[in-house]
1. Within the stretch 262-275, identify whether any single residue is at pLDDT 95 or above and in contact with a Ser or Thr (Cβ under 8 Å, 6 or more places away or on another chain), and answer yes or no.
2. If Gly148 meets every condition in (1) modelled with pLDDT under 95; (2) small (Gly, Ala, Ser); (3) on the phi < 0 side of the Ramachandran plot; (4) in contact with a Pro (Cβ under 9 Å, 6 or more places away or on another chain) apart from one, which number is that one?
3. Any chance you could count how many residues in the stretch 124-141 are surrounded by fewer than 21 Cβ atoms within 10 Å (Cβ to Cβ) and within 29 Å of the chain's Cα centre (by Cα)?
4. Gly237: in a loop (DSSP other than H, G, I, E, B), free of Cβ contacts under 8 Å to residues at least 24 places away in the same chain and of a type outside the set (Val, Ile, Thr), yes or no?
5. Can you spot a residue in the stretch 149-171 that is out of contact with any helix residue (DSSP H, G or I) (no Cβ under 6 Å at 6 or more places or on another chain) and surrounded by fewer than 13 Cβ atoms within 10 Å (Cβ to Cβ)?
6. Given the options Ser88, Ser82, name the one that is of a type outside the set (Lys, Arg), surrounded by 13 or more Cβ atoms within 10 Å (Cβ to Cβ) and assigned by TED's automatic domain parsing to the domain that holds Leu159.
7. Take Gln17 and decide whether it is more than 15 Å from Asp216 (Cα to Cα) and either in contact (Cβ under 8 Å) with a residue 24 or more places away in the chain or in contact with a Lys or Arg (Cβ under 8 Å, 6 or more places away or on another chain) (or both).
8. May I ask you to list pairs of residues, at least six apart or on different chains, whose Cβ atoms are under 6 Å apart, with the first in the stretch 28-50 being closer than 16 Å to Val213 by Cα and the second being surrounded by fewer than 17 Cβ atoms within 10 Å (Cβ to Cβ)?
Amino acid sequence: MEQRLANCVQLTVNEKQFIENALLSELRVDGRGPLEYRKLSIKFGKDDGSAEVQLGETRVMSFVSAQLVQPYKDRPNEGTLSIFTEFSPMADPSFEPGRPGESAVELGRIIDRGLRESRAIDTESLCILSAKLVWAIRIDIHILDNAGNLVDAANIAALASLLTFRRPECSLGGEDGQQVVVHPPEVREPLPLILHHLPVAVTFGFFSNENLVVLDPTYHEEAVMTGRMTATLNANGDVCAIQKPGEQGIFQHIIMHCLKLAHVKAGDITAKIKDAVEKHNNERALQKIKRRSSSVSVDVCGTTARLGGKQNQSGGGKDNSHLDQLKPKDEANFMECDATSSGQVQINKKDEGSKNFTGGPSSWYGKKDPYSECVNSDLLKAPMDSEC
């Protein structure tokens, strides 16, 4: 079989027989069942339209960008969509740098067919000026680590990046109303893309035995299987596209059974993508909120504040401490500190009969220092006694 979308790993005869015999017992090398998916993780970058998906050990990164171009003559009111893939040798030694190979082209076509044929993206909303300017959406897919089933991982990464992408808002101006003005994000909030549904790709692997069918094949299983089928469906069960490379024939009832399984898996993956995107949007919204400091500044020269409130009673278990409203005070009054046993400090007005504090060392002679009232003498004696 022509090894498409797979690695060129060479397994021994014993390794191949071990994988097939384990599948006959409904077991897989990584411990999963034949129809179980690997753990899916979706992360987003700082820039809008960037996403990284990890499916098991397979890692794929996707980035969406847009630019204003002239539309096609046969579709003057619709934007365009293009997908580019990059297979780095760091992801798999069998990948060659430079011009995209056959596997990279086929990967891009599978994802493009699922999005384009199902009309998932509203291309008419990308039109700015009919027959003159439309938005061209570009999806760049980078393979970071190949551990099997690149199609599903790349498809999920493309969908996640499309949901988080924001394009600049445009308006028409000028004397003739044909001048396009692109507003930066600081002036106007960028607009998201309109997606009618999410076409999710689900890949099945077939082996020489007709009864052996696995979901989400791994790196080693791709080297053993003799055929594959990728079914692209949405959460409603609509079939968007089907791709079947390989020479092995498949019975009709097996295909229908795979489509039913793909419908269930597509619904689960769609829910995970939406949950991850919603969480990401909430985090972005919180970062844009400008928060003010909750601290209250107090002018001790012109106002009097009561800090700490009432002390806890011996019989009560609740803390009744609060901050009273600030009240103006006369210049003749000053704040007196009373040290409490619980460590709280209360600031109260001095009694009316007390004299005003004028300041200066000469006024302290023969009088009690007003600042010494805030100091607990027992606490000062404690360290002196311990040293002796």
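The values are calculated or read from the model by the stated rules, or taken from the named source; none is laboratory data. Keep in mind that what you see is a predicted model, and the values were worked out from it rather than measured. Cβ atoms come from the backbone with ideal geometry, glycine included; neighbour counts cover every protein chain shown.
1. Within the stretch 262-275, not a single residue is at pLDDT 95 or above and in contact with a Ser or Thr (Cβ under 8 Å, 6 or more places away or on another chain).
2. Of the numbered conditions (1) modelled with pLDDT under 95; (2) small (Gly, Ala, Ser); (3) on the phi < 0 side of the Ramachandran plot; (4) in contact with a Pro (Cβ under 9 Å, 6 or more places away or on another chain), the odd one out for Gly148 is (3).
3. Final tally of qualifying residues: 6.
4. Considered against the rule, which asks whether it is in a loop (DSSP other than H, G, I, E, B), free of Cβ contacts under 8 Å to residues at least 24 places away in the same chain and of a type outside the set (Val, Ile, Thr), Gly237 comes out as no.
5. Yes, the stretch 149-171 contains at least one residue that is out of contact with any helix residue (DSSP H, G or I) (no Cβ under 6 Å at 6 or more places or on another chain) and surrounded by fewer than 13 Cβ atoms within 10 Å (Cβ to Cβ).
6. Ser88
7. The answer is no for Gln17.
8. As it stands, the answer is Pro34/Glu26, since those pairs meet every condition given.
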